1. Name the single residue, out of those in region 392-429 being of a type in the set (A, V, I, L, M), in contact with an Asp or Glu (Cβ under 9 Å, 6 or more places away or on another chain) and not in a loop (DSSP other than H, G, I, E, B), that is nearest to Gln374 (Cα to Cα).
2. Quick check on this structure: which one of Pro177, Pro172 is touching a residue at least 24 places away in the same chain (Cβ under 8 Å), open to solvent by 30 Å² or more (accessible area, probe 1.4 Å) and not hydrophobic (A, V, I, L, M, F, W, C)?
3. Among the residues of region 67-107, which ones are open to solvent by 70 Å² or more (accessible area, probe 1.4 Å) and either free of Cβ contacts under 8 Å to residues at least 12 places away in the same chain or within 15 Å of Tyr127 (Cα to Cα) (or both)?
4. List the residue pairs whose Cβ atoms are under 7 Å apart, where the first residue sits in region 118-143 and is within 19 Å of Gly248 (Cα to Cα), the second is in a strand (DSSP E or B) and among the β-branched types (Val, Ile, Thr), and the two are 6 or more positions apart or on different chains.
5. Since Ser82 meets every condition but one in (1) in contact with a helix residue (DSSP H, G or I) (Cβ under 9 Å, 6 or more places away or on another chain); (2) part of a strand (DSSP E or B), which condition does it not meet?
6. In this structure, does Thr296 turn out to be within 19 Å of Lys156 (Cβ to Cβ) and among the hydroxyl-bearing types (Ser, Thr, Tyr)?
7. Does Val202 count as surrounded by 18 or more Cβ atoms within 10 Å (Cβ to Cβ), in contact (Cβ under 8 Å) with a residue 12 or more places away in the chain and touching an Asp or Glu at 6+ places or on another chain (Cβ under 8 Å)?
8. Under the condition of being in a helix (DSSP H, G or I) and open to solvent by less than 50 Å² (accessible area, probe 1.4 Å), which residue from region 52-66 is nearest to Glu119 (Cα to Cα)?
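The values are calculated or read from the model by the stated rules, or taken from the named source; none is laboratory data. Just so we're clear, the structure is a prediction, and the values are computed from it rather than from any experiment. Note that we place each Cβ from the backbone using ideal geometry, even for glycine, and neighbour counts take in every protein chain shown. We work out accessible area using only protein heavy atoms, side chains counted, and drop any ligands, DNA or RNA first. Shrake-Rupley method; radii C 1.70, N 1.55, O 1.52, S 1.80 Å.
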Amino acid sequence: MKPVLLPMLDGALWSTAPAKSRGLAVFEETAHAGKPIPGGREGNIRIWPVGSLLRAIADSLEARFNPVAVQGEISSFSRAASGHCYFSLKDEQGQVRCAMFRRAAGLLDFSPRDGQLVELRGRLGVYEPRGELQLVVESMRQAGQGNLFEQFLQLKAKLEAEGLFEPGRKRPLPALPRAIGVVTSLGAAALHDVVSALQRRVPHIPVVIYPATVQGGQAAGELRSALLKAYQRREQDKVDVLLLVRGGGAMEDLWAFNDEQLARAIVDAPMPVVSGVGHETDFTIADFCADVRAPTPTAAAELCAQPQSVWLSALDLALSRLQNGVDRQMQSHSQRLDWAAARVGRPSHLVTRQHARLAGLGQNLNHAVRSALQQERLRLRTLGTDFPREVESSLRRSLQRVDRAQLRLELLDPKLVLKRGYAWLADLHGEPITSPEKTHVGQPVRATLAGGEVDLTVSARRLI
């Protein structure tokens, strides 16, 4: 079958790799909590706190066995007022205590009774208050499919021994996939659930459907073919993550997902694979081989599709921080420009200040000369008329000195320079232009002449 493209659906999602099993490493790590004491031919023996020992055993059971399926005969069955069920499951060789909580018990389609042969699925653990091994039952069915369970457990043990379930080979899901692939039946309710979830969370990412039958004798082969088609078209379809999904059902309904060749095809996937098969309590071989196991098809879609609003909020936050940074820089540079402009001022203001200073110096000089002449006249009156020639000569010399000082004073007046045909050039900000290199063609400039100002435009530059 050819893949079907839904352009409006594509999930961009933040995702994480599956949590690693705590495993026997936890058991060994916890063992160090014990206190060593000498003794025995083997060396030191560790003393365990009871609670620590029970927790270490529980961790080891979780890593090695769970989830587990077991068949046996019900014994001592009782249902508490809370709705929880307690019983033992036994056969000729032994028995194990079981607890089935109200939620799982409410899903039963028959009434368990003592002596009844049943198949259970659940998780082994330790009931610490009594230090007892306990099976927490997640689902129960009447016996009759024991052969399927046996095949499931055998294949699970085989593939686990080969390392196909190793957490180290699991890959994290891409945070922003270009497209999301879905392997399932076109008529499956799981497809509707997945498409709806992706449309709601990431409507901007395309979804590519690779159709396959998900139940029946041909299902396993069609699922493998759909996976291989997705692998071959990976770059063409831009699929960065693949969902393998179907809704819940009986064990025989999900049996296609326990196929060995399908499991190996999942392991060979060039992109991360998310398995969302059945309900939360359903486990298949495909779940153990996939990079991430989701409890339901909808959960599989949500794992690989972080809502669009999350990314938009992150972008808004980044934009706000960028704008604030730019505003701060602009304010800082504006203040620096204001400070520089205040120090430089306008050239005309500088000329005016110099002119005023020169005028003041001229007035002081004239006053000094007049004072000297008056003093000289007084002295001459005191001396009489014996020295008219000397007075006249002295007066003449004084007048000459005044004329020369006046001439020098006038030569210092900037306006005289401007009257000689020179001009003061500045840009429109009042900055003096002292070299052609400080101009460019088309630049407006202002020329201060003896009689006023002229606005000019640079048409050419010639360097000397």
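1. Leu395
2. Pro172
3. Listed by number, the residues that qualify are Ala81, Tyr86, Glu92, Gln93, Arg97, Phe101, Arg103.
4. Taking only residues 6 or more apart or on different chains, the pairs are Leu120/Val70; Leu120/Val137; Gly122/Val68; Gly122/Val136; Gly122/Val137; Met140/Val118; Arg141/Val118; Gln142/Val118.
5. Tallying (1) in contact with a helix residue (DSSP H, G or I) (Cβ under 9 Å, 6 or more places away or on another chain); (2) part of a strand (DSSP E or B), Ser82 fails exactly one: (2).
6. no
7. yes
8. By that ranking, first place goes to Leu61.
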